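Here the structure comes first, spelled out in structure tokens, and everything after it is commentary.
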Amino acid sequence: MAEGEGSSSRRWALGDPDVVETVAHEIIDLDANDDPDGVMIICEKASSHKSNHSVSHPSDWPKHPKSGLAEDVPGPSHQPGTSTVLPWGCTTPGRPRKHKEIKIVDNKIDEKYKAFKQFDTVTDHSDHYYSMSGKGNVPEVKKPSKDWVRRIQHEWKVLEKDLPGTIFVRVYEDRMELLRAVIVGPAGTPYHDGLFFFDVYFPSQYPKKPPLVNYRSGGLRLNPNLYDSGKVCLSLLNTWSGHGCEKWNPSNSTMLQVLVSIQALVLNAKPYFNEPGYAASANTPQGEKMSMAYNESTFLLSCRTMLYSLRNPPKHFEDFARVHFCKYGRNILVGCKAYMNGAQVGCLAGNGVQDVDEGDKSCSANFKGSLKTLFDELIKEFTRIGVHCHEFQPQRVNPGSTRAKADTTLRL
């Protein structure tokens, strides 16, 4: 089944809304104690706020010449001091025009990004972790109970209605026990603008038992709670110690809570303190120093994860991965540039504002060197999918001229 056909095929699974009992869902937040993964449920309704930021360019950019023919080039009678338009659309002194076509392309990327449904049903589950032979080693739920089906239907409805704008989900019409989600890395963290994929399995005992969740790591461990094996360590999933409402509650806990907790509490601004035993050093000079070093390593791994997601996107998210990085690729490169210039990792936050003092030279030399290599790889991959990366690439400079400084401000 193609993307976008999920509305009709989902009817049989969602069923009659009258037979589904409403179960309250909650959002989670950090607790006051030093629990290693910091998961706590507080009784507040999850926000359904959607925040899809768009990338655009100034509307007053000069238009492209009507054609590239030689007769478009002014003859010898042009006035001194004016720029001569060359057949290929450049002006003397050699700076390329910013074409109207760039804005049109960006608008089309925005449209495609918004057209990708946050929740939909699909069919092919062949690359799902819990479907592949020898991977998850879980049984297919072939004859589920009515209560199980009703609860899964309810989970689907909650996700379809209340997903935040930076989480996208696909479920499988012939395997209701499977689910796949992608979480966009939050701004203000070393995970910003990255894509993090998770495969989910609902056991036949659900919700008495929590779902199984596997992180699509690509062999990289970029968080204390996300192992390179794919294990997700979280009290809410009963994969880490916890007490009371920190643990899975069959009556109240939902799949939406799991996804929101991963985004808010695992992919956070200072993941170093998620490590067991390190929370006590928060807000101390030594702890903060170690946290900054951890964020540097984390951002490098996040960049490698971006490359992995572009080169090996999971099924049903191939177009989304490409369009996402077309939309946010420039912002990612701006972040890399700022970090190589000394800004703290994760400082680019909130509507593209660079929240850091220009004189902050906190990043280590080793980090800058490693990031430069990944920066060049990202430019190559982003260029391949259509991102305009010219301002980040080396420019030929005429002898005696001064190289113009690249514009590294984020655009909305």
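The values are calculated or read from the model by the stated rules, or taken from the named source; none is laboratory data. Please read these numbers as outputs of a predicted model, since none were measured by experiment. Cβ sites come from the backbone with ideal geometry, for glycine too, and all protein chains shown count toward neighbours. Remember, those area values only see protein heavy atoms, side chains included, never the ligands or the DNA or RNA. Shrake-Rupley method; radii C 1.70, N 1.55, O 1.52, S 1.80 Å.
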Inter-probe distance in nm under a simple model that places probes 7 Å from Cα toward Cβ, at Phe116 and Glu140 = 2.9
Here the stretch 184-190 yields Karplus 3J(HN,Hα) values (6.51, -1.76, 1.60; θ = phi - 60°; whole Hz; Gly and Pro given as x) of 7, x, x, 5, x, 10, x
Charge dipole (the stretch 100-385, unit charges on Cβ, about Cα centre) - positive-most of Pro250, Tyr206, Asn283 = Tyr206
Keeping all protein chains in position, work out how much accessible area Glu111 exposes to a 1.4 Å probe, and write it in Å² to the nearest 10.
-> 120
Between Thr254 and residues 5 or more places away or on another chain, which pairs have amide H atoms under 5 Å apart, with H built 1.01 Å from N, and which residues are they?
-> Glu26
Enumerate the amide H contacts of Leu179 below 5 Å, restricted to partners 5 or more residues apart or on another chain; note that Pro and chain-start residues carry no placed amide H.
-> Val200
Probe 1.4 Å, all chains present, heavy atoms only: Asp174 accessible area in Å², nearest 10, is 90
Using a 1.4 angstrom probe on the protein heavy atoms only, line up Arg304, Arg180, Arg216 by accessible area, largest first.
-> Arg304, Arg216, Arg180
Excluding Asn312 itself, calculate the net charge of residues whose Cβ lies under 13 Å from the Cβ of Asn312, where each Lys or Arg counts +1 and each Asp or Glu counts -1.
-> +2
Alpha carbon centroid spacing (whole Å) that separates the stretch 211-272 from the stretch 155-184 = 16
With every protein chain left in place, what is the accessible area of Asp376 in Å² (1.4 Å probe, nearest 10)?
-> 70
Keeping all protein chains in place, calculate the accessible area per residue for the stretch 100-385 (probe 1.4 angstrom), answer in Å².
-> 40
Pull out a ≥ b ≥ c, the square roots of the eigenvalues of the alpha-carbon gyration tensor of the stretch 100-385, then state rounded if a/c is under 1.5, prolate if not and a/b is larger than b/c, and oblate in the remaining case.
-> oblate
Between their Cα atoms, which of Lys114/Lys157; Lys247/Lys337; Lys114/Lys143 are more than 31 Å away from each other?
-> Lys247/Lys337; Lys114/Lys143
Electrostatic dipole magnitude of the stretch 100-385 [Cβ: Lys, Arg +1; Asp, Glu -1; Cα centre; debye, to 20] | 500
Within the stretch 320-346, which residues have the backbone N less than 17 Å from the label spot 7 Å out from Ser362 along Cα→beta-carbon, could you tell me?
-> 335-346
How would His388, His243 rank on accessible area, largest to smallest, probe 1.4 Å?
-> His243, His388
